[in-house]
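For reference, the structure is listed below as structure tokens.
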């Protein structure tokens with residue numbers, strides 16, 4: 001490009017990319033709605049390079065085998081909204 005009689009050139013640069021934010025793994029967690037501490041522990045315990053996504057399943061106030069078994073019906077839908085467009089490496093239910 002010529003401007004005012006001078007050549008304009010960009011300085012050649014070498015671009016270096018890192019491994020990205022979640023370079024080790026991306027984990028998905030399906031947590032029951034009555035759990036009050038799981039999210040805090042997941043974020044606190046995730047090592048460097050591991051990303052986490054969390055969604056919740058509505059659950060009865062009383063935690064019983066029956067109420068937990070009822071989660072099977074909504075498990076696939078919950079997993080599908082963890083990270084739309086990006087599949088986690090592992091999905092955990094807690």
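Look at region 13-30: where a residue is without any contact (Cβ under 8 Å) to a residue 60 or more places away in the chain and a partner is surrounded by fewer than 10 Cβ atoms within 10 Å (Cβ to Cβ) and part of a loop (DSSP other than H, G, I, E, B), sitting 6+ places away or on another chain with Cβ atoms under 8 Å, you get 24/47; 24/48.
Whether any residue in region 32-43 is without any contact (Cβ under 8 Å) to a residue 60 or more places away in the chain, in contact with a strand residue (DSSP E or B) (Cβ under 8 Å, 6 or more places away or on another chain), surrounded by 10 or more Cβ atoms within 10 Å (Cβ to Cβ) and within 15 Å of residue 91 (Cβ to Cβ) is what I want to check. Yes: region 32-43 contains one or more residues that are without any contact (Cβ under 8 Å) to a residue 60 or more places away in the chain, in contact with a strand residue (DSSP E or B) (Cβ under 8 Å, 6 or more places away or on another chain), surrounded by 10 or more Cβ atoms within 10 Å (Cβ to Cβ) and within 15 Å of residue 91 (Cβ to Cβ). Looking across region 61-90, the residues that are over 30 Å from residue 21 (Cα atoms) and touching a residue at least 24 places away in the same chain (Cβ under 8 Å) come down to 61, 63, 68, 71.
Across region 83-94, the qualifying residues are those that are at pLDDT 90 or above and surrounded by 13 or more Cβ atoms within 10 Å (Cβ to Cβ), and the one among them that is farthest from residue 25 (Cα to Cα) is 93.
The values are calculated or read from the model by the stated rules, or taken from the named source; none is laboratory data. Quantities reported herein were computed from a predicted structural model and do not represent experimental measurements. All Cβ positions, even for glycine, are placed from backbone atoms using ideal geometry, and neighbour counts span all protein chains on display.
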